[in-house]
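First up is the structure itself, then whatever we jot down about it.
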Amino acid sequence: MNYLITGGAGFIGLNYLEKMSLKYCNDCFICFDNLSYASNENELRKLIKNRNNIIFVKGDITNINDLEFLFKTYKIDYIVHFASETHVDRSFYLENLFYKTNVDGTNILLNYASEYHVKRFHYVSTDEVYGMHDLNDEKLFKENDNLNPTNPYAKSKLLAEALVIKYHKENNLNVTISRSCNNFGKYQNDEKLMPLIIKNTLNNKPIYLYGDGKNKREWISVDDNNEAIDYILHNGLNGEVYNIASGIEIDNLSLTKIILNILNKELSLIMFTKDRIIHDKRYGIDCSKLETLGFKMKKYDKKTLINLIKLYISTNF
């Protein structure tokens, strides 16, 4: 089988490529990436040297010529579509770029997937499409809940989801969608919260948190997320959406304190800055639908999260 991994040089995509090219060592993995500032080109090159079943094609999902070459050159069986602009802060001042990449690019890719009859198109989305819960609300979002994204990034991901479902209904394209909570792990861009906190802590630089730092996020290791994505790709029901969650929610201030404690640094490094104009309080998602499908989701407690963060720090910094 031939797997097309869009955004395969990005954070989650590269981790997926690394694990699954080993798991399915007799299959071929085609990494398609435009090598933007958030890519890990050097790490991708290293991986390709050590694997004989990975092919790299540089290209942009918004460029018809790039995709025309890709689909005419390789027979694509499965698509895992990671390629996306993902940094929420940037989405407020680069809104057009986010819609071009996340919406227009997905639409073009879906058109080729339909034309060339891929076996399955899996779209990697986010829990942010739901909108937010209040901090004191213990509700968990389910896949059929109303969707009310609050920032340009999340809105662009929801529009892309709608296109995926449209191609499923109108073109009979076999599709699945996953909505994951916050990922962490190797290859993550320094702009993201956890690596930013760790690097600033190691360099004794101030750690600036928005508002009072009480906004909560649910965290999952990138490897656990990718195992779930792979399961959905091969076992998910056609046209269905699945949440991927760890069960551990923690506010940004507490997360920062955990990292400072692991690195034996003073809490005085913590600073507070003006909050975003729009800053979701918490998400919280229910992954029972995926478990009903047969996937055993790892559920974290605080100790598990701390140990995973310790491992992440020790192996990457």
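The values are calculated or read from the model by the stated rules, or taken from the named source; none is laboratory data. As the structure is a computational prediction, the values presented were derived from the model and not from experiment. Every residue, glycine as well, gets a Cβ built from its backbone with ideal geometry; the counts of neighbours run over all protein chains shown. Surface accessibility is based on the protein's heavy atoms, side chains included, excluding ligands, DNA and RNA. Shrake-Rupley method; radii C 1.70, N 1.55, O 1.52, S 1.80 Å.
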For the range 247-303, state what percent of all Cα-Cα pairs lands in each successive 5 Å bin, counting from 0 Å until the bin that includes the largest distance.
-> 4, 13, 17, 17, 16, 14, 10, 6, 3, 0
Kindly sort 142, 49 by accessible area of their heavy atoms, largest first, with the probe set to 1.4 Å.
-> 49, 142
With all protein chains in place and a 1.4 Å probe, residue 45 shows an accessible area in Å² (nearest 10) of 100 Å²
Express in Å², to the nearest 10, the accessible area of residue 116 obtained by rolling a 1.4 Å probe over the protein heavy atoms while all chains stay in place.
-> 80 Å²
Scattering profile of the chain at q = 0.07 Å⁻¹ [log10 I(q)/I(0), Debye over alpha-carbon scatterers] | -0.26
Have a look at the DSSP beta bridges in the chain and tell me what percent are antiparallel, nearest 5.
-> 10 percent
Heavy-atom accessible area ranking, 1.4 Å probe, most first, across 29, 82 | 82, 29
How long, wide and thick is the range 187-317, going by the Cα atoms along their three principal axes, in whole angstroms, largest first?
-> 49, 35, 24
Proximal charge balance of residue 139 [Cβ under 11 Å; K/R count +1, D/E count -1] | -3
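Given a 1.4 Å probe and heavy atoms of the protein chains only, how would you sort 163, 135, largest accessible area at the top?
So, going from the largest accessible area down, we get 135, 163.
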Cα-centre dipole for the chain with unit charges at Cβ (Lys and Arg positive, Asp and Glu negative), debye to 20 | 740 debye
Charge tally in the Cβ shell below 12 Å around residue 62, where Lys, Arg are +1 and Asp, Glu are -1, residue 62 excluded = -3
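For the range 4-134, which semi-axes, largest first and in whole Å, follow from the square roots of 5 times the eigenvalues of its Cα gyration tensor? Don't jump to the answer; show the numbers that get you there.
Numbers: eigenvalues 115, 64, 43 Å².
The three semi-axes for the range 4-134 are 24, 18, 15 Å.
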For the range 198-271, please report how many Lys pairs fall under 16 Å Cα to Cα, leaving out neighbours fewer than 8 apart on the same chain.
-> 7
In degrees, nearest 10, range 0 to 90: what is the angle between the Cα axis of helix 64-73 and the longest Cα principal axis of the chain?
-> 60 degrees
Expressed in square angstrom to the nearest 10, the accessible area of residue 259 with a 1.4 Å probe stands at 0 Å²
Given the chain, longest segment not containing exposed loop GluC sites (Glu not before Pro) (DSSP; at most 11 other Cβ within 10 Å) = 1-137
Within the range 1-106, how many Lys pairs sit with Cα atoms under 21 Å apart, leaving out pairs fewer than 8 places apart on the same chain?
-> 11
In degrees between 0 and 90, to the nearest 10, how far off the longest principal axis of the chain does helix 252-262 point, with axes built from Cα atoms?
-> 80 degrees
Tilt relative to the chain, helix 105-115 - C-alpha long axis, 0 to 90 degrees, to 10 = 30 degrees
